[in-house]
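Below is one structure, written out as structure tokens; the observations come after it.
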Amino acid sequence: MKHRVGTAGWLIALALCGSGPALGATCSCAGTPLLTAIDTSAREKGQLFISYVTEDHRISDLVSGSRDVRDETGRDRESFSQVVSASYALTDRWAVSALVSHIEHRRTIRSSQLGETRTSGIGDSVILARYTPIVITPFNRHEWALGLGLRIPSADDDLADGFILSEDMQPSTGARGTILWTGYTYAFNQAATVVFNATANYTDNQSNDRQYAFGDEVSLFAGVGHNMGPRFSYSVGLRYRRTDADSRGKFDIPNTGGEWLDFVPAVQWSLTDRLDLGLSGRIPIARDLNGALQFTTSYSYGFSLSYGF
Amino acid sequence: MSVRVPQSGSSLPASRICLAVLIVLLVKTAAAGPQPLANLNSGLNDAWFSPTTPGQGFLLVVFPNIQQVFVAWFTYDTERPPQDVAAILGDPGHRWLTAQGPYQGTRADLTLFVTRGGVFNAPTPVPNTDSAGEGTLTLEFADCTQGMVTYNLAGSGLSGEIPIQRVADDNVALCETLAASEPMACERPAPDLSHGIDNPSVLEGGATLPNDEVFDAGPGPDGIPPLEDPQFVQGGASLAPSELVVGVKIGDQIRAYPHNILNWHEIVNDRFTVNGTPEGGTISYCPLTGSAVLWQDLDICCDASFGTTGLLHNSNLILYDRATGSFWSQMLEQSVFGNQITAIPKRLQVIETTWATWRAMYPDTLLLSEDTGFSRDYNDYPYGTFRTDNSLLWPVNNEDDDRLGRKERVLGINVGDASRVYPISGFASDIEVLNERVGAMDVVVIGSSGLNLGAVYNRELADCTKLQFEPVQDQLPVVMRDNLGSDWDAFGVALSGPLAGTQLQKTNSYIAFWFAWTAFFPGADIRQ
């Protein structure tokens, strides 16, 4: 039988790139929730989890610094991602996780007669190795894990609509990335029905063939999860995220990067002993973005199914 | 009968003398060649064809009084229809195309229409044509006997040239008589039709630009919103004197479009009144290349305004016209994609200078209002330190040409294959005037680093008079005086003196950042 430590885990860790282009020289987000959608559930030797996660991400808020700006162009930007992820515990301490993704982007500007642009295709893949030096036991309420991962540009990053579309409309970033990850969990009781969960990760983004690099990213999450019984749990948390400006060559792209603080609620039902269903969301609380004007996250919500073998 | 010819002392039959006279006349005629044309005339009204493509032909009608020309092209589909397709009358493969529009000199650049849907000699169904046209047809005549038809039906993937001649020569004499009655134009070089290659090839993908040189910058079409109904104010006390403006003078309408607003909108679709007639004009300014141009309404149809595509070529704005959806390169000033491909807009002069200089030249100017209907902070520059640092946000051609700083503002001019730039900061602080020759054109260059001003015109008048200019200080809007004693403004208009009212010919020129000019026009000379 599967066993998840804490309700937080990957379920509440959904986070996306947070901004989109508003000006001629701006672009900052591939809109792909890869790292935080990865399944990291497997803990006991031989455990295997497979999950399917979707997220709908609306990127239509127009912001100048931390100030909301009315958008008269009627711009609507949406990214929809589907991720299949697996995690497998090699030992009680070592596990590996991997995911593949499919991404759809839509960009509509209602004030323009040239209509909307849609792209879809296979996105990036991620592989993550995780080591858990401290695990929760009946005699220990702390858990600490470390991870090292790679993002692999496995597919389309040069889709065109006559001409090659901007990086944020491509399913794949077309660039490698290195991921450092760590997570800490504290169980408030012996049964670990109430837990505190914190994660931190850093992604170093490389350049694609067009010399474009999304900004490096730091993401911090802290939340509390409550397992209300054998079938239902929920969690609430806050996610702080900071990205550097995107760059092309050695030059930063204006109006990209910034800081975001989001409220992240999530609920989870165990439909059977092996099958979990989850819903989660992300609601911006505060943001302070670089440059004069950026489109950024309005909200996002996600759905997940996870099966344990 | 014979005639005595005393000089030779011999006699020749009269028939031989007549033959000799005829030969002399023929030789003289052949040496003179056909009567060259200065303008299309009604002697060209005729049926024309090419012997190499028999079975198709052109009917041409010139209307000299209204400077218009009409062409009917009777031809066929590109393939034979299936054999089981039959026509009651004629052939199911028949096609007829028409073109009409104004001509200039011996050339007419026309929109080509295809008519569909009618039946023989019946009021209904009403035949229809795509009002935007389906391509272009250029008609050009060197003399009264031969011409050239150049067509481009981009939607059908058809383009080419057809040399044409008359079916019969009856009207040649009329044409040559009309041509002889007109004064021939002098040899002043005609302005180039384009900054770059006049008839660039259409590449794979249907554009004249290589696909890998065009970038989607992210905002999407009209994501940078053009201004459609601009409002103006008088005074403009809140605008900093050093702020750059794009100055426009059309008739007696004088307007300034400040960079701080254009940075956020890039396009202003404006309306002017010229001699009581409303006319449209589009001001575009690309903040990434620092270039501003003014195009008159396209002669296409209906909505002749422009929008932003969200695409960049050499970091430069690519516009689209709302009538046909064709894409236009701002700095090439030419359509690069769509059914208007290779078309060139009608261009008018703008003067980019500081608000202080512009207001000193035109105190009653109108200023584009910040009340644009958009929530933008016009005190904020949207591209960080881009206009002053050395960065390039998108790949550009020839980016290693470091003869000048990348963001150095230069006044550039193209004449044929010749390209020259004049750094604005390289002009004297007072008004400086240079009488120069660029390529095959004698030009006058006006510049001032103190006034932050630059413009260049053809200094050869239509009657081939070549003027010499000298600067005039402290008498704005007058900036120069010619050798005949006329005073001229920065728009190349003589305000007083014997040439008062004369307009110098516009050149292919504007101000841009150096990196952009050398990306589009590599190898440009730099004024030393």
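The values are calculated or read from the model by the stated rules, or taken from the named source; none is laboratory data. These numbers were taken from a predicted model, which means no experiment stands behind them. For neighbour counting, all protein chains shown are included, and Cβ atoms are generated from backbone atoms with ideal geometry for every residue, glycine included.
Would you confirm, using the coordinates I've provided, whether residue A:118 is touching a helix residue (DSSP H, G or I) at 6+ places or on another chain (Cβ under 8 Å), modelled with pLDDT of 90 or more and either among the charged types (D, E, K, R) or not in a strand (DSSP E or B) (or both)?
Details: touching a helix residue (DSSP H, G or I) at 6+ places or on another chain (Cβ under 8 Å): no; modelled with pLDDT of 90 or more: yes; either among the charged types (D, E, K, R) or not in a strand (DSSP E or B) (or both): yes.
In short, no.
Could you check the range A:60-80 and list, in sequence order, the residues that are more than 11 Å from chain B (Cβ to nearest Cβ) and out of contact with any Leu (no Cβ under 8 Å at 6 or more places or on another chain)?
Result: A:60, A:61, A:78, A:80.
Suppose we filter the range B:390-427 for residues that are in a loop (DSSP other than H, G, I, E, B), more than 30 Å from residue A:256 (Cα to Cα), modelled with pLDDT of 95 or more and not basic (Lys, Arg); how many remain?
Residues meeting the conditions: 1.
Residues being under 30 Å from residue B:263 (Cβ atoms) and more than 15 Å from the chain's Cα centre (by Cα): count how many of those fall in the range A:260-295.
10
Suppose the filter is surrounded by 22 or more Cβ atoms within 10 Å (Cβ to Cβ) and in a loop (DSSP other than H, G, I, E, B); does residue B:451 pass it? Working first, answer last.
Numbers: surrounded by 22 or more Cβ atoms within 10 Å (Cβ to Cβ): yes; in a loop (DSSP other than H, G, I, E, B): yes.
Answer is yes for this residue.
Quick one: residue A:169 ticks every box in (1) touching a His at 6+ places or on another chain (Cβ under 9 Å); (2) within 14 Å of chain B (Cβ to nearest Cβ); (3) closer than 23 Å to residue A:261 by Cα bar one, so which box is it?
If we test residue A:169 against (1) touching a His at 6+ places or on another chain (Cβ under 9 Å); (2) within 14 Å of chain B (Cβ to nearest Cβ); (3) closer than 23 Å to residue A:261 by Cα, just (3) comes out false.
Scan the range B:209-252 for residues that are surrounded by fewer than 16 Cβ atoms within 10 Å (Cβ to Cβ) and either in a strand (DSSP E or B) or aliphatic (A, V, I, L, M) (or both) and report the count.
Counting residues in the range B:209-252 that are surrounded by fewer than 16 Cβ atoms within 10 Å (Cβ to Cβ) and either in a strand (DSSP E or B) or aliphatic (A, V, I, L, M) (or both) gives 4.
Run residue A:47 past the list (1) at pLDDT 90 or above; (2) buried (at least 24 other Cβ atoms within 10 Å of the Cβ); (3) of a type outside the set (Val, Ile, Thr); (4) farther than 24 Å from residue A:154 by Cα and report the number of the one that doesn't hold.
(2)
Of the residues A:154, A:97, A:112, which is part of a strand (DSSP E or B), touching a Ser or Thr at 6+ places or on another chain (Cβ under 9 Å) and small (Gly, Ala, Ser)? First the steps, then the outcome.
Details: A:154 fails: part of a strand (DSSP E or B); A:112 fails: part of a strand (DSSP E or B).
A:97 is the lone residue from the list that is part of a strand (DSSP E or B), touching a Ser or Thr at 6+ places or on another chain (Cβ under 9 Å) and small (Gly, Ala, Ser).
If you check A:30, A:15, A:42, which single one turns out to be more than 24 Å from residue A:226 (Cα to Cα), at pLDDT below 90 and more than 11 Å from chain B (Cβ to nearest Cβ)?
Exactly one residue qualifies, and that residue is A:30.
Kindly establish whether residue A:189 is more than 14 Å from every other protein chain (Cβ to nearest Cβ), over 20 Å from the mean Cα position of the chain (by Cα) and at negative phi.
So residue A:189 fits the description; yes.
Of the conditions (1) under 24 Å from residue B:289 (Cβ atoms); (2) outside any strand (DSSP E or B); (3) within 24 Å of the chain's Cα centre (by Cα), residue B:501 fails just one. Which one is it?
(1)
I'm trying to understand the selection: among the residues of the range B:504-526, which are in a strand (DSSP E or B) and within 27 Å of residue B:407 (Cα to Cα)? Working first, answer last.
To start, the set of residues in the range B:504-526 that are in a strand (DSSP E or B) comprises B:505-506, B:508-513, B:525-526.
Passing the criteria: B:506, B:508, B:509, B:510, B:511, B:512, B:513, B:525, B:526.
I need the strands (runs of 3 or more DSSP E) fully contained in the range B:35-102, keeping only those with at least 3 residues that are of a type in the set (Val, Ile, Thr).
B:68-76
Mind checking which residues of the range A:237-263 are more than 14 Å from chain B (Cβ to nearest Cβ), touching a Gly at 6+ places or on another chain (Cβ under 6 Å) and of a type in the set (A, V, I, L, M, F, W, C)?
Of everything in the range A:237-263, just one residue is more than 14 Å from chain B (Cβ to nearest Cβ), touching a Gly at 6+ places or on another chain (Cβ under 6 Å) and of a type in the set (A, V, I, L, M, F, W, C), namely A:260.
Just name the residue that is nearest to residue A:181 (Cα to Cα) out of those in the range A:126-148 that are modelled with pLDDT under 90 and crowded, with 16+ Cβ neighbours inside 10 Å.
The residue in question is A:135.
From the list A:223, A:183, A:237, A:177, which one is crowded, with 18+ Cβ neighbours inside 10 Å and under 21 Å from residue A:156 (Cα atoms)?
Of the residues listed, the single one that is crowded, with 18+ Cβ neighbours inside 10 Å and under 21 Å from residue A:156 (Cα atoms) is A:177.
Across the range B:64-94, which residue is nearest to the chain's Cα centre (by Cα) among those that are modelled with pLDDT of 90 or more and surrounded by 15 or more Cβ atoms within 10 Å (Cβ to Cβ)?
Step by step, filter the range B:64-94, then rank; the result is B:69.
List every residue pair whose Cβ atoms sit under 6 Å apart, with the two residues 6 or more apart in sequence or on different chains, where the first one lies in the range A:288-301 and is closer than 16 Å to residue A:107 by Cβ and within 14 Å of another protein chain (Cβ to nearest Cβ) and the second, anywhere, is in a loop (DSSP other than H, G, I, E, B) and not basic (Lys, Arg).
What qualifies is A:294/A:22; A:294/A:255; A:295/A:22; A:295/A:59; A:296/A:18.
Tell me, which residue of the range B:361-400 that is facing chain A (nearest Cβ under 7 Å) and more than 23 Å from residue B:318 (Cα to Cα) is surrounded by the most Cβ atoms within 10 Å (Cβ to Cβ)?
So, considering only residues that are facing chain A (nearest Cβ under 7 Å) and more than 23 Å from residue B:318 (Cα to Cα), the one surrounded by the most Cβ atoms within 10 Å (Cβ to Cβ) is B:377.
Just give me the residues in the range B:207-263 being of a type in the set (Phe, Trp, Tyr) and facing another protein chain (nearest Cβ under 10 Å), in sequence order.
Of everything in the range B:207-263, just one residue is of a type in the set (Phe, Trp, Tyr) and facing another protein chain (nearest Cβ under 10 Å), namely B:215.
What are the residue pairs meeting all of these: first residue in the range B:360-373, first residue within 13 Å of residue B:248 (Cα to Cα), second residue in a loop (DSSP other than H, G, I, E, B), Cβ atoms under 6 Å, and 6 or more apart or on different chains?
Close Cβ pairs satisfying both conditions: B:361/B:476; B:361/B:477; B:367/B:236; B:368/B:230.
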